[in-house]
Amino acid sequence: MDLDLNFFVVFQTIYRERQLTQAATKLGLTQSAVSQALGKLRIHFRDELFVRVPGGMEPTARAHSIAVHIAASLEAAEQALQVSKGFDPKVSDECFQIGLLDIDVVFLGPKLINHFQIYAPNIRFNIISIDRDSYLERLDCGDIHLAINLIGTKLPKRFSTVRLFPDELVVLSKANHPCIKNRLTLKEYLTLTHVKVDWLPYEKSKIEPLFTQHGVTRNVGLTLKQVLGVPFVVKQTDLIGTVPLTLMHYYKDLKGLAVYDFPGNDFPVDISLIWHQRMQGNQAYEWMIEQITAVCGMMVTDRKNILK
């Protein structure tokens with residue numbers, strides 16, 4: 001059975017949404033039509049592709065393996081169309097899937113939206129929360145088009161990156177912490193109880209080695225999946241938390257917090273834009289990459305103001 005690109009669009013939408021009802025809504029089709037298309041895809045690929053689980057549909061191993069190739073086919077078709085019609089940001093109504101860490105959703109999201117409302121008012125964004133482990137896979141399969149993330153290790157050659165801006169680590173505690181005087185010492189940092197943020201890439205590469213270097217077991221009182229909750233936890237407890245300085249742009253007016261220099265080795269934490277190399281030559285994405293780089297290039301982390 002031959003399949004046209006419309007079936008690929010159905011596959012990719014189900015793959016993104018993980019639910020038939022939401023996929024149908026996104027596609028402007030009935031759920032019955034989407035189910036029929038999925039049935040033909042299953043026959044063609046001789047695989048279930050998506051199995052029902054509580055809350056939605058989970059891709060099979062076969063679905064994961066073909067998702068990359070389907071995304072590449074759809075993007076190649078889109079590039080061919082752009083060559084014929086060109087790309088004009090002032091009139092384009094394209095939708096871009098951008099993956100952001102939770103911290104960047106609140107820090108970068110509004111700045112990017114405000115910029116594009118001026119220079120590309122009809123462009124739409126679907127901002128998707130990503131984590132450190134899966135974002136490359138999501139770029140591979142086309143689930144997201146661009147990602148903004150902290151890069152902990154060298155990426156495979158199929159991905160391109162550009163450094164957007166530097167960040168650094170600071171330590172948070174409640175104001176007037178009973179164990180901290182004028183500044184946080186290394187000894188205090190190593191002995192106090194911590195809030196650990198499980199997804200931060202520098203937890204294992206920078207923070208944990210500091211304890212190993214001094215022969216100390218880190219005292220972790222709470223582990224979180226998201227960094228946004230750290231200020232509220234430390235504000236009401238004796239725990240301390242190590243977070244990116246950019247987070248404090250968002251929380252700088254939150255009363256009852258103290259912010260200290262990270263007592264370990266000073267090192268930069270670079271925030272980067274990442275995309276798949278198959279995007280090369282796509283006018284829309286090349287323009288988007290230029291714009292995001294320009295917006296972030298104008299951002300300066302006001303360290304003096306935050307650490308007052």
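Listing for the model above:
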| read-out | value |
| --- | --- |
| Residue match in segment 244-266 (condition: assigned to a strand (DSSP E or B), of a type in the set (A, V, I, L, M, F, W, C), in contact with a His (Cβ under 7 Å, 6 or more places away or on another chain) and over 22 Å from residue 106 (Cα atoms)) | no |
| Any chance residue 98 is free of Cβ contacts under 8 Å to residues at least 40 places away in the same chain and either β-branched (Val, Ile, Thr) or in a strand (DSSP E or B) (or both) | no |
| Check on residue 231, part of a loop (DSSP other than H, G, I, E, B) and touching a residue at least 24 places away in the same chain (Cβ under 8 Å) | no |
| Residue pairs meeting the criteria (Cβ under 6 Å; at least 6 apart or on separate chains; first part of a loop (DSSP other than H, G, I, E, B), in segment 118-136; second modelled with pLDDT under 80) | 131/199; 132/199; 132/201 |
| Qualifying position, being of a type in the set (Phe, Trp, Tyr), at pLDDT below 85 and closer than 18 Å to residue 291 by Cβ, among 96, 116, 87 | 87 |
| Residues satisfying the stated conditions in segment 112-121, i.e. within 30 Å of residue 224 (Cβ to Cβ) and surrounded by 15 or more Cβ atoms within 10 Å (Cβ to Cβ) | 112 |
| Among the candidates 197, 227, residue that is modelled with pLDDT under 95 and in contact with a Pro (Cβ under 9 Å, 6 or more places away or on another chain) | 227 |
| Sole residue being in a strand (DSSP E or B) and within 27 Å of the chain's Cα centre (by Cα), chosen from 51, 68, 10 | 51 |
| Checking residue 307 against (1) farther than 30 Å from residue 137 by Cα; (2) at pLDDT 90 or above; (3) among the hydrophobic types (A, V, I, L, M, F, W, C), the condition it does not meet | (2) |
| Long-range neighbours under 7 Å by Cβ, at least six apart or interchain, first residue within 15 Å of residue 187 (Cβ to Cβ) within segment 205-217, second part of a helix (DSSP H, G or I) | 211/190; 214/190; 216/190; 217/211 |
| Matching residues, segment 243-253, being more than 19 Å from the chain's Cα centre (by Cα) and either β-branched (Val, Ile, Thr) or more than 20 Å from residue 224 (Cα to Cα) (or both) | 252, 253 |
| Selected residue (criterion: farthest from residue 95 (Cα to Cα)) from residues of segment 13-40 that are in a loop (DSSP other than H, G, I, E, B) and of a type outside the set (Gly, Ala, Ser) | 30 |
| Candidate set: segment 137-188, residues that are at pLDDT 85 or above and in a helix (DSSP H, G or I); chosen: the one nearest to residue 8 (Cα to Cα) | 139 |
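The values are calculated or read from the model by the stated rules, or taken from the named source; none is laboratory data. The shown structure was predicted, so the numbers you read here are calculated from the model rather than taken from an experiment. Glycine gets a Cβ as well: all are built from the backbone with ideal geometry, and neighbour counts include every protein chain shown.
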